[in-house]
Amino acid sequence: MKFKDYYETLGVAREASADDIKLAYRKLARTYHPDVSREPDAEDRFKEFGEAYEVLKDADKRAAYDAVGRRSGGDDFQPPPDWDAGYEFHGRGDAGAGAGAPDRSDFFESLFGRAARSARSARSTHAAGAGIDLRGEDHHAKVLVDLEDAYRGAHRSLSLRMPAFDDQGHVVLQERTLEVTIPKGIRQGQHLRLAGQGGPGLGHGGAGDLFLEIEFHPHARYRVDGRDVFVDLPLAPWEAALGAAVPVPTPDGAVELTIPAGSAAGRKLRLKGKGIPGDPAGDLYAVITIVLPSAGSDAARRAYAALKAAAGADFDPRSRA
């Protein structure tokens, strides 16, 4: 998938203000509107301009797009994992993705389709003067926590950046730090609701809520699937062949695991209830890998030669391939 340069599409600089972007879009939209233009590709270009403007006119989308653009990969672009973590967006839900929504490119959908951020609600400041009370807008952010926090629970200081336009129409990031309690047993994709931490209300309307979508930091040792956790367990050939009792690391401390004789690489050994806590708790799976000793010494080479002789001429390691 090719990275789309929305600034180039509208012919504006990356530092362009919101007014500059609006003027550029309006000029192009008038020129290439299908009802006006006689260009054969007018309709396609009109859609391209509309998609670019939809992103760049919105502070939330523009800040997220700019962050991804700094790590773009040209014609082989894929959004980095958790590219939007740490950003606080206005609204929740899937604005722009649903029945009646205009067609968007695969690039747009890869960034904003499934978890598109709602645009600002249609609230105007004169409503407060008219005596109207409106509840504040809900906000949404994705945050990264440690897998170990899901095992034990934790109190964490989390920093969020909320995009907004300044007086000159440029995107700025307003930062704030929140003290958050991470409950024991939380899962990836689960949402924490922080009441009253969203947008301010109008009049006597209360503040909106902040919804934190939980993801785990990439872990050097563990992989997570729902409440289940997977860890690679390196074994020596004799441990796998003869059986052994070995320590297995878990996010909650090491436990001893009995290795059945004749275990092959790739076999999964289950430690029931040692996954992420819950009702029921997940399981932890130790995935066997075989680590071969070096054949760098004469004694090691003799040992390998003896093993080859003991296996016999009929042994073919590729017979199952």
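The values are calculated or read from the model by the stated rules, or taken from the named source; none is laboratory data. Only a predicted model underlies this, so the values are computations on that prediction, with no experimental measurement involved. All Cβ positions, even for glycine, are placed from backbone atoms using ideal geometry, and neighbour counts span all protein chains on display. Just the protein is used for accessible areas: all its heavy atoms, side chains included, with ligands, DNA and RNA removed. Shrake-Rupley method; radii C 1.70, N 1.55, O 1.52, S 1.80 Å.
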Quiz prompt | Cα-based radius of gyration of the chain once divided by 2.2 N^0.38 Å, which approximates compact folds | solution = 1.41
Quiz prompt | Diffusion coefficient, µm² s⁻¹, Stokes-Einstein with Kirkwood Rh over alpha-carbon pairs of region 129-231 at 25 °C and 0.890 mPa s | solution = 156 µm²/s
Quiz prompt | Centre separation in Å (Cα based) which lies between region 23-60 and region 264-321 | solution = 59 Å
Self-check item: Computed over region 165-321: relative contact order in percent, which uses C-alpha pairs under 8 Å that are six or more apart
Solution: 17 percent
Quiz item: In percent, what relative contact order does the chain have, based on Cα pairs under 8 Å that are 6 or more apart in sequence?
Solution: 13 percent
Exercise. Give the share of C-alpha pairs in each 5 angstrom bin for region 211-321, from 0 to the last occupied bin, in whole percents, shortest bins first.
Key: 2, 10, 16, 18, 16, 12, 9, 7, 5, 3, 1, 1, 0
Quiz item: Taking a probe of 1.4 Å, how large is the accessible area per residue of the chain, in Å²?
Solution: 57 Å²
Quiz item: How large is Rg/Rh for region 175-244, to two decimals, with Cα atoms and a Kirkwood Rh?
Solution: 1.30
Quiz item: Mind checking the dipole of the chain: about its Cα centre, +1 per Lys or Arg Cβ, -1 per Asp or Glu Cβ, Debye to the nearest 20?
Solution: 820 debye
Exercise. Among G136, G273, Y25, flag the residue with its Cα farthest along the positive direction of the charge dipole of the chain, charges on Cβ as +1 for Lys/Arg and -1 for Asp/Glu.
Key: G273
Quiz item: Roughly to the nearest percent, how much of the accessible area of the chain is carbon and sulfur, given a 1.4 Å probe?
Solution: 49 percent
Quiz item: Over region 19-63, how many percent of alpha carbon pairs lie in each 10 Å bin up to the one with the longest distance?
Solution: 30, 49, 18, 3
Self-check item: Relative contact order for region 140-212, counting Cα pairs under 8 Å that sit 6 or more residues apart, in percent
Solution: 31 percent
